1. Can you tell me the FRET efficiency between residue 108 and residue 17 if r is taken as the Cβ-Cβ distance and R0 is 22 Å, rounded to the nearest 0.05?
2. Could you look at the chain and say what percent of its accessible area is carbon and sulfur, using a 1.4 Å probe and all protein chains?
3. Relative contact order, percent, of the chain when contacts are C-alpha pairs under 8 Å separated by at least 6 residues?
4. Accessible area per residue for the chain in Å², computed with a 1.4 Å probe and the full protein assembly in place, what is it?
5. Can you tell me which aspartates and glutamates have their Cα less than 20 Å from the Cα of residue 112? Leave out same-chain residues fewer than eight positions away.
6. Using a cut-off of 12 Å between beta-carbons, work out the net charge of the residues near residue 66 (Lys and Arg +1, Asp and Glu -1, residue 66 not included).
7. Check which residues have an amide H placed less than 5 Å from residue 76's amide H, if you skip close sequence neighbours.
8. When Lys and Arg each count +1 and Asp and Glu each count -1, what net charge do the other residues less than 14 Å away from residue 10, Cβ to Cβ, add up to?
Amino acid sequence: QVQLVESGGGLVQAGGSLRLSCAASGSIFSINSMGWYRQAPGKQRELVAAITSDDITNYADSVKGRFTISRDNAKDAVYLQMNSLKPEDTAVYYCAAELHFAGTGSIDYWGKGTLVTVSS
């Protein structure tokens, strides 16, 4: 059993900040990469930010300069610091991780999502 536990979502005014957290737990594994996706009403799910096992990062153009992704390998956790939030950032944010299990291989896991609402 593997869980991706998310926290940090909520309601914030435009220009404010939030910090999302996600930790993987439950079984013996190693993490190849972790990231955050989001899905707004009526839109497809999109990549927000991702980070590899050697700390190489990738960001959507819409969040560059405002969001920062980081990871703590000792805690099997990934974080997303979101600054200068805009109403268009409103969405359900999902934690994602590619986990490697000895003898099995790599499997993708998803969190249940946390809602971020930015008011104008």
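1. Values: r = 29 Å, r/R0 = 1.31.
So the FRET efficiency works out to roughly 0.15.
2. On the way: 3140 of 6550 Å².
So the carbon and sulfur contribution to the accessible surface is 48 percent.
3. Details: 292 pairs, mean separation 41.3, N = 120.
Relative contact order comes out at 34 percent.
4. Accessible surface, normalised per residue, equals 55 Å².
5. Straight-line reach from residue 112, under 20 Å: 6, 46, 76, 89, 98.
6. Details: positive: 64, 86; negative: 61, 88, 89.
Combined, the nearby Lys, Arg, Asp and Glu give -1.
7. When sequence neighbours closer than 5 places are left aside, there are no close amide H contacts.
8. Numbers: positive: 19; negative: 6, 89.
Charge balance in the 14 Å sphere: -1.
The values are calculated or read from the model by the stated rules, or taken from the named source; none is laboratory data. Being a predicted model, the structure only gives us computed values, none of them experimental. Don't worry about glycine lacking a Cβ; one is built from the backbone with ideal geometry, like all the others, and counts go over all protein chains shown. Each accessible area value is taken on the protein alone, full model and side chains, heavy atoms only, with ligands, DNA and RNA left out. Shrake-Rupley method; radii C 1.70, N 1.55, O 1.52, S 1.80 Å.
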